[in-house]
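To start, the structure itself, in structure tokens.
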């Protein structure tokens, strides 16, 4: 509007100037010389006046030509502006295009592209199993706190089934309650933009309650065979060392692939070295598994705006160990822990640029553990020559996963996860809070 006002103002001023010039011209043209009477000096004066009038008329004609040329230019500008204001506006870009588009082609990005577009996004529930890798030269320190509760009740029958639903023998009840609180510190360092190494050191506080005994009335001496044991303690857990490598950059419908390798070092107190009473019940808390373990795995993360699909497939090798543990009525000499297959999958949803939710399921198939040892004598004080070899049943550990992540800044992020047991062998619930700091 300001442009059009200035334009019409200039046009008006030009028309007024032209009118003044045209009005001045007739005034000079209407002046008629009076009859010449007098001397030669009067004639010369009249000739000078006539020459001045002709010069003035020529100047006025020049000014009129200039004004006409200016008016033509203004009319051309006015026509072009009127045509532009009458044309419809260009259609907006399609939603989600994020930029302009070329003729016959796909949308092109305008401005600066998102940072780390070739890096896999963070998934909260995968932080313990392998997610993104750390940038080259960056150090990430992480503080963690998690709580696990496991409550199991089992009934064991040893005897003979005479008729259908008629059992003759001994019934045992085994009830165990376990609470584990773990505080951990982790460090991850990026050797390259695709390869990182890390270490995690846990400190464990644990409380166990075990009640084992016969169903009342199933034996002649129920009180003597009943074990009620509660023990609690704390100590260093098993240290974990990890290495991760990002295999590819991902792309359209192509997931990011990340190879993971985790080694468990048995630095915690193992369950075979704790003190036990005459009935074999533990008098100390174990804070570690007692075995070396190596877990190679591969993680796939597929961004699909605004969701992220993820999955992990891994296999754990647990190494056998010679032990010297007397748990009446046997002396254990060697333990061969079963290996494990681990599968997890889920989806992450971005609520905004800083907050995301993650849902998933994790299943671990743990093969049976083989125990090799000798039977104790009648007094349960020394092993005999009778050997045995037994293998426990495998475990099916299924867990539903829920996670939430919020990034407060480029350096601080909070991850909260919850695991709920889906199978009988799984802990009832586990919740973890992790706070990584980037340096």
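The values are calculated or read from the model by the stated rules, or taken from the named source; none is laboratory data. Every value quoted in this text rests on a predicted model; they were computed, and no experiment measured them. Because the Cβ atoms are built from the backbone with ideal geometry, glycine has one as well, and the counts that use them run over all protein chains shown.
Things to note:
- Within the range 138-177, being surrounded by fewer than 17 Cβ atoms within 10 Å (Cβ to Cβ) and modelled with pLDDT of 90 or more holds for 138, 139, 141, 143, 145, 147, 149.
- Given (1) touching a strand residue (DSSP E or B) at 6+ places or on another chain (Cβ under 6 Å); (2) under 21 Å from residue 133 (Cβ atoms), number of the condition residue 306 does not satisfy: (2)
- When we screen 268, 346, 290, 360 for residues that are in contact with a strand residue (DSSP E or B) (Cβ under 8 Å, 6 or more places away or on another chain), in a loop (DSSP other than H, G, I, E, B) and in contact (Cβ under 8 Å) with a residue 60 or more places away in the chain, the only hit is 268.
To keep it simple, each residue is scored yes or no on (1) out of contact with any helix residue (DSSP H, G or I) (no Cβ under 6 Å at 6 or more places or on another chain); (2) crowded, with 16+ Cβ neighbours inside 10 Å; (3) free of Cβ contacts under 8 Å to residues at least 60 places away in the same chain.
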{"site": "314", "(1), (2), (3)": "yes, yes, no"}
{"site": "325", "(1), (2), (3)": "yes, yes, yes"}
{"site": "335", "(1), (2), (3)": "yes, yes, no"}
{"site": "352", "(1), (2), (3)": "yes, no, yes"}
{"site": "369", "(1), (2), (3)": "yes, yes, yes"}
{"site": "378", "(1), (2), (3)": "yes, no, yes"}
{"site": "383", "(1), (2), (3)": "yes, yes, yes"}
{"site": "388", "(1), (2), (3)": "yes, no, yes"}
{"site": "396", "(1), (2), (3)": "yes, no, yes"}
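- Unique match (being touching a residue at least 40 places away in the same chain (Cβ under 8 Å), within 34 Å of the chain's Cα centre (by Cα) and surrounded by fewer than 20 Cβ atoms within 10 Å (Cβ to Cβ)) among 307, 281: 307
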